[in-house]
Amino acid sequence: MASNETADHVMVAAAAEPYMAAVVAQLVKDGVPATGYSIPPDPSPDNFDGEADACIEIPFAFTTRHYGPDLEELCLWWNSVSGWRIHTQYNPNRPGDGRQWMGAGLLPPSARVLGFLDTMMVDHTMAGSPERPFYRRQGENVTALLERLQVYGQPASPGRP
C-alpha cells in the first residue's frame with residue numbers, strides 16, 4: 001500500500017471517530033445498548049471499503065432477543081465509500097443472511113442510522129437494500145470528506161491509547 005493511502009487511512013479513521021461516537025450516543029439514548037465502536041488500525045486490503053471501515057458494537061444478547069437464537073451475528077458497519085450497512089448471519093438453513101445497505105448518503109445524521117437499525121430489528125426485509133451504493137472512490141475527495149466529518153468534532157490526537 002502506498003504511503004499516501006496509509007496517511008489517508010490514518011486521517012479518515014481519526015476524523016470518523018467523533019461521528020462514530022455520535023451514532024453510538026444516539027443508539028444508547030434510544031435504548032440500543034451499543035457498547036462502542038472500532039475502526040481497525042490498518043487499512044482494509046479491499047479498496048471497496050475505502051480509507052476507513054468502522055463497526056458499532058451491539059451485544060449479542062440484545063440482537064438475539066429481537067431475532068431469536070438462530071441469529072449468529074448482527075453488525076452495524078460504516079465505511080468511507082458506501083456509508084452504512086447491516087450485516088446479518090444466521091444459523092444454516094435460514095434465509096436472511098447478508099448485507100443490507102442504508103443508501104442514505106455517506107454521513108447521514110445519527111437519528112437516521114438509528115431508524116435504519118430500528119427498521120432492521122422489526123423486519124429485515126424492509127430495511128435498506130442489498131444493492132451497495134458508491135458515493136465516492138477510495139482516495140477521491142479525501143479533503144472534502146475530512147471537512148464533512150469535522151462537523152462531528154475534532155479527531156483524537158494521533159497515538160491515543
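A simple spin-label model places the labels of Gln89 and Val28 2.7 nm from each other, with each point 7 Å out along Cα-to-Cβ.
Couplings 3J(HN,Hα) for segment 8-16, derived from phi with the Karplus relation 6.51 cos²θ - 1.76 cosθ + 1.60 (θ = phi - 60°), are 4, 4, 4, 5, 5, 4, 5, 5, 6 Hz, where x marks Gly and Pro.
Any read-out appearing in this document is the output of simple, stated calculations on the displayed coordinates, not a laboratory observation. All values reported here derive from a predicted model rather than from experimental measurement. Counting neighbours? That spans all protein chains shown, and the Cβs are built from the backbone with ideal geometry, glycine included.
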